Amino acid sequence: MSKKIFVNLPVKDLNRSKAFFKEIGYSFDEQFSDENAACLVISEHIYAMLLVEPFFKTFTTREIVDASSSVEAIIALSADSRGEVDELVDRALAAGGTSPREPQDEGFMYGRSFTDPDGHLWEIIWMDMSAMEGQQEQG
């Protein structure tokens, strides 16, 4: 049985967050969505639960990090090509996301980042696995 991951993220405005992620090409599983939460479908095994902050607080006694000024996690997703990295990040920026740093190009690995409307940091990366294997054999 394959494993699934559900990343839970607090959001201030659920409709704004849903519109942002729809605009960059993602969909939502309405079966697991309501006025407090939206189930963002990243792939058949990866989901992000966007939870309005008061609902998110019902799962923890700890303070919610202000992602616009602090970072607790970087959500890194793989892409199938350099072009897919650029397409997705460009759509995120056009939808209102921000670019926290310059693209990282190591030749065999390429990545770009964006922040969503709540400041959560997303990194999209592509790796040439054949080049990675060649480097490991040389090392």
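Observations on the structure shown:
- Extension gain (nm, one decimal) between Leu93 and Val41, 0.36 nm per residue minus Cα-Cα: 16.8 nm
- For the stretch 70-139, size of Cβ-based charge dipole, Lys and Arg +1, Asp and Glu -1, in debye: 180
- Taking every C-alpha pair closer than 8 Å and separated by at least 6 residues, the mean separation divided by the residue count of the chain gives a relative contact order of 22 percent.
- Here is how the number arises for the chain: DSSP H runs of 4 or more residues each give -39500 (n - 2.57), the sum is divided by the residue count, and the result at 222 nm is -7500 deg cm²/dmol.
- Values of log10 I(q)/I(0), in the order q = 0.13, 0.21, 0.25 Å⁻¹, for the stretch 70-139 under a Debye, Cα-only, solvent-free model: -0.40, -0.84, -1.07
- Unit charges on C-beta of K, R, D, E only; dipole of the chain, Debye: 420
- Screening the chain for whole DSSP H helices of 24 Å or more along their axis (Cα) with average Kyte-Doolittle hydropathy at least 0.5 returns none.
- Full extension of the segment from Thr58 to Tyr26, taken as 0.36 nm per residue of separation minus the current Cα-Cα distance, would add 8.9 nm.
- Percent of beta bridges antiparallel (DSSP, the stretch 1-84, rounded to nearest 5): 55
- Radius, Kirkwood style, for the stretch 1-61 when every pair of distinct Cα atoms is counted (Å): 11.8
Values in this text are rule-based calculations from the coordinates and carry no lab data. Just so it is clear, the structure is predicted and the values come from calculations on it, not from any experiment. All Cβ positions, even for glycine, are placed from backbone atoms using ideal geometry, and neighbour counts span all protein chains on display.
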